[in-house]
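A quick write-up on the structure given underneath.
The values are calculated or read from the model by the stated rules, or taken from the named source; none is laboratory data. Bear in mind the structure is a predicted one, so any value in this text is a computation, not a measurement. FYI the Cβ positions are ideal-geometry reconstructions off the backbone, even for glycines, and counts take in every protein chain you see. Accessible surface is based on the protein model in full, side chains and every heavy atom, while ligands, DNA and RNA are left aside. Shrake-Rupley method; radii C 1.70, N 1.55, O 1.52, S 1.80 Å.
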Amino acid sequence: MNDQQLLRYARHILLDELGIEGQEKFLAARVLVVGAGGLGSPAALYLTTAGVGDITLADDDIVELSNLQRQILHGEASVGRPKAESGRDTLAAFNPETHVTARVERLDGLALDEAVAAVDLVLDCTDNFSTRHAINRACVHHRKPLVSGAAIRFDGQVSVYDLRRDDAPCYHCLFPEADDVEAVNCATTGVFAPLVGIIGAMQAAEALKLLAGIGESLSGRLLWLDVRTMQWRSVNVHRDPECAVCGHRDANVQNAA
């Protein structure tokens, strides 16, 4: 680390659990953030300001005026621009040392598989079940830790699926994929703006803990927030041995992360 980095990240370095070693892990880390909207905005901002070295920001949508109520990566000047590119430019203004790759596409199939394989950790900041399950399958395949967040109306949830661990559940263990799941999103039901900030910031916190190897992650737990009463609930989540996605995970596979 150079002198500028020692100054920029001084408040992290002062933390005994992190120190220079932990900060260097952030600087060397590669993270994929899928979704540059309400959740991806605060998550990517905190990862960038914390000094994560390489971030891939993927989103195929464009910035609309209605996004500005909560998607803090974007301003009025970005309306009409791809969210991934707008987000990349905003992040560069906060920390030019972080290398941000903007992918203006909906990652799926081989593209998603390759993107997950190339990073140390994935943040699911999307708003639909089909994409969530596709991300989960790729993370199971490559044994990559997945930090998942969701927010709708006044309710939010966050969890970690640390797929480096043989006993850890995957997203499908908790939310089995089904054809008849009702599509619910912010565009049709609304969302309270600060809620996505809370959940997205928690995703960043969990991601940084995993990258540095500190503390206890949310692996095996789902946190649920009702922001109307500001009450948190914690639900234990166990691996489903019959899970169609991770049930046959080979316990002898070498950890990929």
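What accessible area, in Å² to the nearest ten, does a 1.4 Å probe give for residue 62?
Its accessible surface works out to 80 Å², give or take rounding.
Given the C-alpha centroids of region 1-16 and region 61-79, what is the distance between them in whole angstrom?
The distance from the Cα centre of region 1-16 to that of region 61-79 comes to 32 Å.
Using unit Cβ charges (K, R positive; D, E negative) and no other charged atoms, how large, in debye to the nearest 20, is the dipole of the chain about its Cα centre? Walk me through the intermediate numbers first.
Values: 23 positive and 35 negative charges, 87 e Å.
Result for the chain is approximately 420 debye, rounded to the nearest 20.
Name the residues whose placed amide hydrogens come within less than 5 Å of the amide hydrogen of residue 29, ignoring near sequence neighbours (fewer than 5 apart) on the same chain.
Residues meeting the criterion, in which the H sits 1.01 Å from N, are 53, 54.
Per residue, how large is the accessible surface of the chain? Use a 1.4 angstrom probe and give square angstrom. Display every interim value, and only then the final one.
Numbers: 12230 Å² over 257 residues.
On a per-residue basis, 48 Å².
To make sure I understand the rule: partners must be lysines, Cα under 26 Å from the Cα of residue 25, and not fewer than 8 residues away in the same chain. Which ones qualify?
Residue 25 reaches 144, 209.
Along region 16-25, what does the Karplus equation 6.51 cos²θ - 1.76 cosθ + 1.60 (θ = phi - 60°) give for ³J(HN,Hα), rounded to whole Hz, x for Gly and Pro?
4, 5, 9, x, 5, 4, x, 5, 5, 5
Mind jotting down the distance between the C-alpha centroids of region 100-115 and region 146-161, whole Å?
Spelled out, the Cα-based centre of one part sits 21 Å from the other.
Let me make sure I get this right: for region 129-226, a, b and c are the square roots of the gyration tensor eigenvalues over alpha carbons, sorted descending. Under 1.5 in a/c it's rounded, otherwise prolate if a/b > b/c, else oblate. Which is it? Write down the numbers at each step before the final one.
Values: a/c = 2.27, a/b = 1.24, b/c = 1.83.
Note, shape of region 129-226 comes out oblate.
If I compute solvent accessible area with a 1.4 Å probe over the protein chains, what percent of it on the chain is carbon and sulfur?
Values: 6250 of 12230 Å².
Carbon and sulfur: 51 percent of the exposed surface of the chain.
Under the rule of at least 5 residues apart or a separate chain, name every residue whose amide H is placed under 5 Å from the amide H of residue 221.
Sorted by chain and number, the residues that satisfy this are 160, 237.
Rounding to the nearest 20 debye, state how big the charge dipole of region 1-99 is about its Cα centre with +1 on each Lys and Arg Cβ and -1 on each Asp and Glu Cβ. Mind showing how you got there, number by number?
Details: 8 positive and 14 negative charges, 22 e Å.
Using Cβ point charges on Lys, Arg, Asp and Glu, region 1-99 gives about 100 debye.
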